[in-house]
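Enquirer: Take this structure, written in structure tokens, and hold onto it; I'll ask about it next.
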Amino acid sequence: MTATFLPIILGSDENAYGASRLFNDEYGIKPLLVCTRQLIPTLYSDRFTLRRVDDFDLDEVFSREMKKILEEFRDKYDKLIVVPCSDYYAAMLSRHQEELSDLIANRFISEELLDSLDTKDKFYALCEKYGMDYPKTVVASPEERISAVDTLPFDFPIVVKPENSNATDYLHAKFDGKKKVFFFDDKESYLRVMESMNRSDYKGKLIIQEFIEGGDDCMRVMNSYSGLDGKVRAMCLGQPILEEYAPKTLGNYAAIISRSDPDLYEKVKKFLEDVGYVGFSNIDMKYDRKNKRYVMFEINPRLGRSSYYVRGAGINMMKVLVDDAVCGKDDGCLFAGNTSIWLNVPKKVVYEYVKDEKLREEARALIKAGKYSRTLDCPGEKSLKRFVWIKRYYMGQHNNFKRFFFDKDKI
């Protein structure tokens with residue numbers, strides 16, 4: 001008899017909605033979605049049962065309330081699995097894993113490994129050890145924001161981002177020119193924004209990196225799942241062909257074509273298994289055309305916001321999780337091989353703003369063949385209010401691209 005289980009999803013963004021859909025599609029069940037506030041992607045949906053918890057994104061509240069929720073359901077199901085959909089929920093699960101481990105069937109990376117991945121010098125030391133390339137990087141404290149530009153070991157253009165763009169202190173900070181990621185062509189434009197930032201409440205560190213030549217289509221994203229035994233069970237590579245450009249979402253992926261690269265799969269698989277990785281991972285990297293190498297940017301301890309593209313490539317990541325943590329199955333490692341396209345923008349935006357003609361035509365052909373998906377476009381939804389919200393959400397992308405698009409290939 002198959003064990004009964006309850007998926008508990010932490011968050012309310014596109015990632016959380018996509019995870020809910022995957023559980024619905026595979027098992028016909030509604031997960032419990034827990035969040036502090038509900039975001040647009042999950043509004044008016046019946047794909048899940050919603051529970052709001054005030055200040056759930058604060059550490060002390062999370063520890064107390066998470067335990068209450070788990071104890072509430074422990075006798076109603078054989079197993080409880082928890083899926084974090086943001087960095088801060090993933091980090092809190094790692095920090096409180098020991099006290100919650102008797103209640104949760106799946107596992108998360110250790111706090112020590114999390115620190116190694118989050119701390120740039122430690123992460124790049126790991127990259128060095130395992131032969132993976134990474135961008136030249138400077139970490140600047142608040143006191144070093146102005147002076148750091150005078151001693152950079154690389155030239156402009158540069159990429160600058162907060163140490164964690166989803167951290168509460170950055171999300172709430174207000175200053176002119178605020179973005180999720182900054183691209184600077186010269187020292188003057190950099191200093192102008194830094195002076196504005198210094199007048200705000202943001203006191204976190206900044207990551208300053210060399211700009212790796214190439215446009216959106218040089219980016220790569222890989223989503224993986226590592227089982228309870230630390231063995232990788234599923235991997236899927238994607239090639240973003242377009243990113244978002246509105247200041248608050250700059251750098252988020254807008255369109256991804258699923259790909260396959262056996263050599264890259266094996267290299268990353270060895271890395272994840274050697275460091276003792278457990279659970280979902282989301283790796284951002286870029287293909288450096290000039291030097292013919294993949295440059296690692298970061299590893300996030302959860303699936304990516306755009307991870308629904310993996311479904312079109314032939315893998316349901318929630319099934320992989322359940323097979324491992326609930327059913328105890330081990331079918332080896334699945335490497336996605338199907339080619340499809342995932343969209344978070346209207347088709348016309350892809351046709352107009354993807355600059356590479358070959359990729360644009362490939363996208364058009366996949367869409368025409370019906371080999372495309374959208375995380376939020378779920379046929380089973382019944383709410384008219386949701387239909388209107390999602391239409392507005394997608395149509396707003398037309399204005400965003402008209403106002404903010406720039407060609408990174410020309411930086």
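The values are calculated or read from the model by the stated rules, or taken from the named source; none is laboratory data. This is a predicted model, so every value here is computed, not measured. Positions of Cβ are backbone-derived with ideal geometry, glycine not excepted, and every protein chain shown enters the neighbour counts.
Enquirer: Output the residue which, of all residues in the range 322-378 that are closer than 24 Å to residue 6 by Cα and β-branched (Val, Ile, Thr), is nearest to the chain's Cα centre (by Cα).
Expert: 375
Enquirer: Given the residues 189, 147, which is the only one that is loosely packed, with under 13 Cβ neighbours inside 10 Å, more than 29 Å from residue 57 (Cβ to Cβ) and small (Gly, Ala, Ser)?
Expert: Going through 189, 147 in turn, just one is loosely packed, with under 13 Cβ neighbours inside 10 Å, more than 29 Å from residue 57 (Cβ to Cβ) and small (Gly, Ala, Ser): 147.
Enquirer: Also, quick follow-up: Take the residues of the range 128-141 that are crowded, with 17+ Cβ neighbours inside 10 Å and of a type in the set (A, V, I, L, M, F, W, C): which is nearest to residue 265 (Cα to Cα)?
Expert: It comes out as 132.
Enquirer: Return the only residue of 221, 193 being of a type outside the set (Gly, Ala, Ser) and not assigned by TED's automatic domain parsing to the domain that holds residue 283.
Expert: Of 221, 193, the one residue that is of a type outside the set (Gly, Ala, Ser) and not assigned by TED's automatic domain parsing to the domain that holds residue 283 is 193.
Enquirer: Suppose the filter is within 28 Å of residue 163 (Cα to Cα) and loosely packed, with under 15 Cβ neighbours inside 10 Å; does residue 72 pass it?
Expert: No; evaluated as a whole, the condition is false for this residue.
Enquirer: Could you tell me which of the residues 53, 83 is among the hydrophobic types (A, V, I, L, M, F, W, C), surrounded by 15 or more Cβ atoms within 10 Å (Cβ to Cβ) and within 20 Å of residue 279 (Cβ to Cβ)?
Expert: Values: 53 fails: within 20 Å of residue 279 (Cβ to Cβ).
On inspection, the qualifying residue turns out to be 83.
Enquirer: Determine the pairs where a residue that is free of Cβ contacts under 8 Å to residues at least 12 places away in the same chain, located within the range 57-68, has a partner that is of a type in the set (S, T, N, Q) and part of a helix (DSSP H, G or I) with Cβ atoms under 9 Å apart, the partner being 6 or more residues away or on another chain.
Expert: 58/168
Enquirer: Can you give me the ranges of the strands (runs of 3 or more DSSP E) entirely in the range 139-246 with at least 2 residues that are within 25 Å of residue 121 (Cβ to Cβ) and polar (S, T, N, Q)?
Expert: 219-226
Enquirer: Would you point out the residue of the range 1-49, among those that are touching a Leu at 6+ places or on another chain (Cβ under 7 Å), of a type in the set (Val, Ile, Thr) and crowded, with 16+ Cβ neighbours inside 10 Å, that is farthest from residue 73 (Cα to Cα)?
Expert: 42
Enquirer: OK, next. Considering each residue of the range 313-339, count those that are touching a Phe, Trp or Tyr at 6+ places or on another chain (Cβ under 6 Å) and farther than 30 Å from residue 102 by Cα, and give that number.
Expert: Matching residues across the range 313-339 total 1.
Enquirer: From the set of residues in the range 97-117 that are surrounded by fewer than 18 Cβ atoms within 10 Å (Cβ to Cβ) and touching an Asp or Glu at 6+ places or on another chain (Cβ under 8 Å), which is farthest from residue 161 (Cα to Cα)?
Expert: Within the range 97-117, the match that is farthest from residue 161 (Cα to Cα) is 103.
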